Amino acid sequence: MSIREEIKKILDPPGTDSDPGEGLLHSAVLLMLSEREGSHGIWFIRRTEYRKDIFSGHVAFPGGKKKQSDATLLDTAFREAGEELGFDTLKEVEILGEMDFMRPYTPSARRYAVKPFVGMVGSEVDFAPNYEVSEFFRVPVSHLLDPRNRNTRQRERDGTVLNDYVFTYRNHIIWGLTGRVLNEFFGKTSTCLVKY
């Protein structure tokens, strides 16, 4: 069985969980795996800094808010990733599944409900990041799974103690919603990922 088949068996198929609740801004992100030289990695962007962007400067997965023209949140993930990274997502991404909606802890972003989709991209894809992306980089899965490169810190929001999952790679710190998505993804798939 391939890594694609194993992850597909673990994750929910796209369209399983489609309603995060009323009054929320529906959004989607695309966690992109790829294989290069026998090892798997995950692609990240660093968002360009803008004063009006609440996620300005953050390391993140490509994605954004759903538009009326998007029939589904998977369409949102494909459209946003395609715009931000300048490639044909419909042709180059094989969707392996989706994860549960997540809500950011940041007070200014609490109205967002974010649906993470997981996909595999080919090793020969030519990316052309647009102005929304200041950096685009790939981190080996083995690095992210290494306990030396990850940590859990606790912080308080409105009297509740919350876990924040922090991953480090070179000069990058991956935390917040992106860190939580990674932590949940690895909680579901780390057993199969370490085999490949």
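The values are calculated or read from the model by the stated rules, or taken from the named source; none is laboratory data. Values in this document were obtained by computation on a predicted structure and should not be read as measured data. Methodologically, a virtual Cβ is constructed for each residue, glycine included, from the backbone with ideal geometry; neighbour enumeration extends over all protein chains shown. Keep in mind that these areas ignore ligands, DNA and RNA; they rest on the heavy atoms of the full protein, side chains included. Shrake-Rupley method; radii C 1.70, N 1.55, O 1.52, S 1.80 Å.
Odds and ends about this structure:
- Estimated FRET transfer efficiency (residue 154, residue 24; beta-carbon r; R0 25 Å; 0.05): 0.45
- Between 72, 178, 89, the GNM of the chain built on Cα springs shorter than 10 angstrom shows 72 fluctuating the most.
- The residues of region 1-132 expose on average 50 square angstrom of accessible surface per residue, using a 1.4 Å probe on protein heavy atoms.
- Solvent-accessible heavy-atom area per residue, rounded to whole Å², over region 150-196 at 1.4 Å: 57 Å²
- Shape of region 6-113, Cα gyration tensor, a/c cut at 1.5: oblate
- Cα gyration tensor, region 126-180 - rounded (a/c under 1.5), prolate or oblate: oblate
- Length gained when the stretch residue 146-residue 83 is fully extended (0.36 nm per residue, less Cα-Cα span): 19.5 nm
- Placing +1 on the Cβ of every Lys and Arg and -1 on the Cβ of every Asp and Glu, with nothing else charged, gives the chain a dipole about its Cα centre of roughly 680 debye.
- Computed over the chain: relative contact order in percent, which uses C-alpha pairs under 8 Å that are six or more apart: 26 percent
- Cα gyration tensor category, rounded, prolate or oblate, for the chain with a/c compared to 1.5: rounded
- Here the accessible area of the chain is 46 percent carbon and sulfur, with a 1.4 angstrom probe and all protein chains present.
- Spatially proximal lysines relative to residue 115 (Cα-Cα < 26 Å; intrachain offsets below 8 disregarded): 8, 9, 52, 65, 66, 67, 91, 188
- Helices assigned as whole DSSP H runs in the chain whose Cα atoms extend at least 24 Å along their own long axis and whose mean Kyte-Doolittle hydropathy is -1.0 or higher are found at 176-193.
- Alpha-carbon centroid distance for the pair region 127-154 / region 1-73, whole angstrom: 14 Å
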